[in-house]
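This report refers to the structure that appears directly beneath it.
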Amino acid sequence: MILYIDETESDDYFIVAGLLTSSKAATNLTYKHFKKKLRSMKISDKEKQRIFYEFKAVLLDRHYQRIKIKMLEELQQLDHKIIYTAYCKKDNIFNQKEKEKQYIKMLNKIVHFIKNDVDIIFDSFNKCDFENRIITEISLHNHVLSICSKESFAEEGLQFIDNICSCIRLYKSNLNKDFYQMIETNIIELEHS
């Protein structure tokens, strides 16, 4: 199994979510089918260059919701689970040190929930010391076969989880429930403690 991890935040929440699939090959094939379905959409070459490099959630949420819907529809063809936990920010002071602490705690909770052997890919922070702490801490789980960071433009599963994170953030913030409802049958929310 493979677990793709990303995080997002709003004014009230810090969210860490994972997309758990049977394999990288199955995830990449679903992504390929998603991109193939976009060929029938009328999108200018300039827009394609902007969007197709990396299907960033912020861009899709604001300007290309039809593409986001197609992505979420295609995701339903993949055997998957979405596992997430949300930290409710207690005050306006949520500095980098606290964010890193909560991220590792929340990721530990997600990994602990998974019982099968798993490979993990998390979205890069470009912060070596933090990424090394994540790898060291999460590698302590016996069922973690490997863990590494990747840039989302180079990893299809990370583009899926980036968009899933935004669905959860928009839902928790009461800004958009439609995207979340498209994927909710596959969602498992873990309580944050």
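The values are calculated or read from the model by the stated rules, or taken from the named source; none is laboratory data. Treat the numbers as computed from the prediction; the structure is a model and nothing was measured. Cβ atoms come from the backbone with ideal geometry, glycine included; neighbour counts cover every protein chain shown. For accessibility, only protein heavy atoms count, side chains too; no ligands or nucleic acids. Shrake-Rupley method; radii C 1.70, N 1.55, O 1.52, S 1.80 Å.
Tabulated data for the structure shown
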| quantity | calculated |
| --- | --- |
| Tally of residues being of a type outside the set (S, T, N, Q) and open to solvent by 70 Å² or more (accessible area, probe 1.4 Å) across segment 128-149 | 6 |
| Enumeration of residues in segment 112-127 that are surrounded by 17 or more Cβ atoms within 10 Å (Cβ to Cβ) and out of contact with any Lys or Arg (no Cβ under 7 Å at 6 or more places or on another chain) | I114, V118, I120, F122, D123 |
| All positions within segment 150-188 that are open to solvent by 60 Å² or more (accessible area, probe 1.4 Å) and within 22 Å of Y103 (Cβ to Cβ) | K150, E151, F153, A154, Y171 |
| Test: residue in segment 32-52 that is out of contact with any His (no Cβ under 8 Å at 6 or more places or on another chain), under 23 Å from L175 (Cβ atoms) and at pLDDT 85 or above | no |
| Subset of segment 177-189 [assigned to a helix (DSSP H, G or I), free of Cβ contacts under 8 Å to residues at least 40 places away in the same chain and more than 15 Å from the chain's Cα centre (by Cα)] | D178, Q181, T185 |
| Candidates N174, N142, N163 - the one that is of a type outside the set (K, R), touching a residue at least 60 places away in the same chain (Cβ under 8 Å) and not in a strand (DSSP E or B) | N163 |
| Scan of segment 75-94 for residues that are over 13 Å from D6 (Cα atoms) and either small (G, A, S) or open to solvent by less than 10 Å² (accessible area, probe 1.4 Å) (or both), ordered by number | L75, H80 |
| Selected residue (only one of K101, K97, K109 is part of a helix (DSSP H, G or I) and either touching a residue at least 40 places away in the same chain (Cβ under 8 Å) or buried (at least 16 other Cβ atoms within 10 Å of the Cβ) (or both)) | K109 |
| Subset of segment 110-165 that is under 17 Å from the mean Cα position of the chain (by Cα) and hydroxyl-bearing (S, T, Y) - its residue that is farthest from N176 (Cα to Cα) | S149 |
| Tally of residues being within 12 Å of the chain's Cα centre (by Cα) and farther than 21 Å from L190 by Cβ across segment 70-88 | 0 |
| Search result, residues across segment 15-29 that are open to solvent by 10 Å² or more (accessible area, probe 1.4 Å) and either free of Cβ contacts under 8 Å to residues at least 12 places away in the same chain or assigned to a helix (DSSP H, G or I) (or both) | K24, A25, A26, N28, L29 |
